[in-house]
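Just below is one structure, and these are the notes that go with it.
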Amino acid sequence: MNRLKQLFAVALCMACLQVTLLPVVASAQSFRGQQLSAEDQVAKENYAYSVAMQAYIFTFPLTMTERERKMRLVDRPRSPFAPVATINQLGHMRKLASAKDPLPYSPNLDTIYTGILMELGGGPIVMNVPDVFDRYISIEIADAYTSNLPYLLGTAVSGGKGGNILFAGPDWKGVVPAGMKLSRAPSNSLLIAVRIRVFGEDDMPNVIAIQNKMTLTALSDWDNGRGMGKRPAPVPPLMARPNHKGDFAYFRTVTELMNENPPTPVHAAALKSFEFIGMQLGKPFNPDALDEPTRKGILRAERDGPAVMKWSTHQRGYQLSTGWGTALTGGTYGFDYLARAEDALSGLIQNDLEEAMYFISYTDASGQPLVGGKRYKLHFDKGNLPTVLPKGFWSFTLYDGDRFQYIDNPLNRYSLGARMNDLKFNADGSLDLYVQPESPGADMESNWLPSTRSGPLRMNIRVYLPTPEMMKVDVMEKRIPPIIRLDN
């Protein structure tokens, strides 16, 4: 009887296997040498286009990480305005940027950056951060796809208490030394941004003193802390990648980048769908192996991708009724690949909501584009300013709408709000902020951001260490006011 049961079980397994394989075989046969009708060719091209567009959005952050890597391939003279240094080295921003100092991301006057592009293929690296109790500090860690890993040190998570973070790649199997906080990278590439609150140009020496206490040390040189900072972390070979040009250049490039930094298994479903257009882990992208409808669909996506990205940054995230867009995901995106790509384009890496909230607008309250030459006002009712935790703050900044950079003006003024004692409140306790080419008058000039006389504008409100209440949409609607146009 047992023998019969065994035979029955084997037969059942074989039958199940055949049922599983039949659709695959039929599918394979249907694509071999089959002549598609004109209607089917169009349909297949459209499907390839839809898949390729999703692949474009999914992989777009890798191109921003690669941009940062290329900036670090040569040991160039370091700009005091850009937090850029050779790979595995600390890149300190040493001056507040102005409109004459364009950066590869949107600058701000609130925080000074220390940036690191870390490659962990050569082994773990220890970052030591000093105690910072007198001001806001955060250490943001993002993977190659610009999605955040857990925060381990900073004002919000450790009260400003410093310490040691051990950055290790996915394959490292050593023991974490006592007292270190482990940041396990999903692949060997990481982007790290340290933000330190700055209270104006005169405060820069204090910020620099904090930066100078930071160190990066290979774990192999750590020696129970005795080796901290004595030797710089090793710089990996700075290899250049092929510079693909022409048709399919984007997909050739991002497939290489994806193979170098594979997505985590949670994104397996997305990767499976990309196989339809020839994108597979462990293999180069080979458009010559694809049929013509699929190739056409991919090329359409490659052409349309930049325009889609531009549109998405203008309609970024959740749209408040007051006309502002905000990313409710913060920098931890899950499966919201479009939000991840938007943030990578507009700001490279974004803080989680508990650290900072970002509100962006390209339109006024009536939905009309913000343009130079017009007069605008933001009115905050009494008691309705953005709410923040201790050491938190908020600011309002004006940018060029195309380049995301400051607008040059005689006052060298680009931002308001972070230092509230600079602003003039109305008699009833409300607050008005003005954006226009000419002064709103001597009595309100402290509340004025000079704008251009033409061209698109972008306005940002940043809220650092927002209160839990501030993260609720109905509260945002009340405390992030509409941009009112004062003229026709």
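The values are calculated or read from the model by the stated rules, or taken from the named source; none is laboratory data. Given the structure is predicted, the values throughout are model-derived calculations rather than measurements. Don't worry about glycine lacking a Cβ; one is built from the backbone with ideal geometry, like all the others, and counts go over all protein chains shown.
What to note about this one:
- Residue check for Ser321: surrounded by fewer than 21 Cβ atoms within 10 Å (Cβ to Cβ) and either free of Cβ contacts under 8 Å to residues at least 40 places away in the same chain or in contact with an Asp or Glu (Cβ under 8 Å, 6 or more places away or on another chain) (or both): yes
- Looking only at segment 454-474, and only at residues there that are free of Cβ contacts under 8 Å to residues at least 60 places away in the same chain and outside any loop (DSSP other than H, G, I, E, B), the one that is farthest from Ala365 (Cα to Cα): Pro468
- Odd one out for Arg195 among (1) of a type outside the set (Asp, Glu); (2) over 17 Å from Ile139 (Cα atoms); (3) within 26 Å of the chain's Cα centre (by Cα): (2)
- If only residues of segment 371-384 that are crowded, with 16+ Cβ neighbours inside 10 Å and in contact with a Lys or Arg (Cβ under 7 Å, 6 or more places away or on another chain) are counted, the one that is nearest to Gly159 (Cα to Cα) is Asn384.
- Among all positions in segment 107-130, there is no residue which is assigned by TED's automatic domain parsing to the domain that holds Thr217 and without any contact (Cβ under 8 Å) to a residue 40 or more places away in the chain.
- The set of residues in segment 108-148 being part of a loop (DSSP other than H, G, I, E, B), among the acidic types (Asp, Glu) and within 19 Å of Lys213 (Cβ to Cβ) consists of Asp131, Asp134.
- Restricting attention to segment 33-49, the residues that are in a helix (DSSP H, G or I), small (Gly, Ala, Ser) and loosely packed, with under 15 Cβ neighbours inside 10 Å add up to 2.
- Check on Met258, at pLDDT 95 or above and surrounded by 19 or more Cβ atoms within 10 Å (Cβ to Cβ): yes
- Restricted to strands (runs of 3 or more DSSP E) entirely inside segment 380-453, those with at least 2 residues that are among the hydroxyl-bearing types (Ser, Thr, Tyr) are 388-400.
- Against the criterion of being in contact (Cβ under 8 Å) with a residue 12 or more places away in the chain, of a type outside the set (A, V, I, L, M) and within 27 Å of Asn488 (Cβ to Cβ), Asp422 does not qualify.
Here's the yes/no breakdown for (1) out of contact with any Ser or Thr (no Cβ under 9 Å at 6 or more places or on another chain); (2) in a strand (DSSP E or B); (3) closer than 22 Å to Met470 by Cβ; (4) modelled with pLDDT of 90 or more:
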position	(1), (2), (3), (4)
Thr332	no, no, yes, yes
Leu338	no, no, no, yes
Gln350	no, no, yes, yes
Ile360	no, yes, yes, yes
Lys374	no, no, no, yes
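- Per the listing Lys296, Lys272, Lys310, the residue uniquely in a helix (DSSP H, G or I) and modelled with pLDDT under 95 is Lys310.
- Residues that are part of a loop (DSSP other than H, G, I, E, B) and closer than 24 Å to Arg226 by Cβ, drawn from segment 174-210: Gly174, Val175, Val176, Pro177, Ala178, Gly179
- Flag for Asp474 being under 30 Å from the mean Cα position of the chain (by Cα), more than 19 Å from Ala99 (Cα to Cα) and among the acidic types (Asp, Glu): yes
Each row is one residue, and each column tells you yes or no for (1) out of contact with any Asp or Glu (no Cβ under 9 Å at 6 or more places or on another chain); (2) in contact (Cβ under 8 Å) with a residue 40 or more places away in the chain; (3) crowded, with 18+ Cβ neighbours inside 10 Å.
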residue: Val132; (1), (2), (3): yes, yes, yes
residue: Ser147; (1), (2), (3): yes, yes, yes
residue: Tyr151; (1), (2), (3): no, yes, yes
residue: Asp171; (1), (2), (3): yes, no, no
residue: Phe199; (1), (2), (3): yes, yes, no
residue: Arg226; (1), (2), (3): yes, no, no
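- Pairs meeting the criteria (first residue in segment 404-416 and outside the structural domain of Phe199 (by TED's automatic domain parsing), second residue among the basic types (Lys, Arg), beta carbons under 8 Å, at least 6 apart or on different chains) are Phe404/Arg458; Asp408/Lys100.
- Filter pass, Ser138 being touching an Asp or Glu at 6+ places or on another chain (Cβ under 7 Å) and among the hydroxyl-bearing types (Ser, Thr, Tyr): yes
- Enumeration of residues in segment 427-445 that are within 22 Å of Leu385 (Cβ to Cβ) and loosely packed, with under 14 Cβ neighbours inside 10 Å: Ala427, Asp428, Gly429, Asp443
- Any chance Gly179 is over 26 Å from the mean Cα position of the chain (by Cα), of a type in the set (Gly, Ala, Ser), surrounded by 15 or more Cβ atoms within 10 Å (Cβ to Cβ) and over 30 Å from Glu260 (Cα atoms): no
- Residues that are surrounded by fewer than 21 Cβ atoms within 10 Å (Cβ to Cβ) and of a type in the set (Gly, Ala, Ser) were ranked within segment 331-370; the one that is nearest to Pro61 (Cα to Cα) is Gly334.
- The condition (being touching a residue at least 60 places away in the same chain (Cβ under 8 Å), farther than 22 Å from Thr215 by Cβ and either β-branched (Val, Ile, Thr) or surrounded by fewer than 16 Cβ atoms within 10 Å (Cβ to Cβ) (or both)) is satisfied by just one residue among Thr65, Thr86: Thr65.
- Candidates in segment 68-83 are the residues that are within 23 Å of Asn206 (Cα to Cα) and modelled with pLDDT under 85; of these, the one that is surrounded by the fewest Cβ atoms within 10 Å (Cβ to Cβ) is Pro80.
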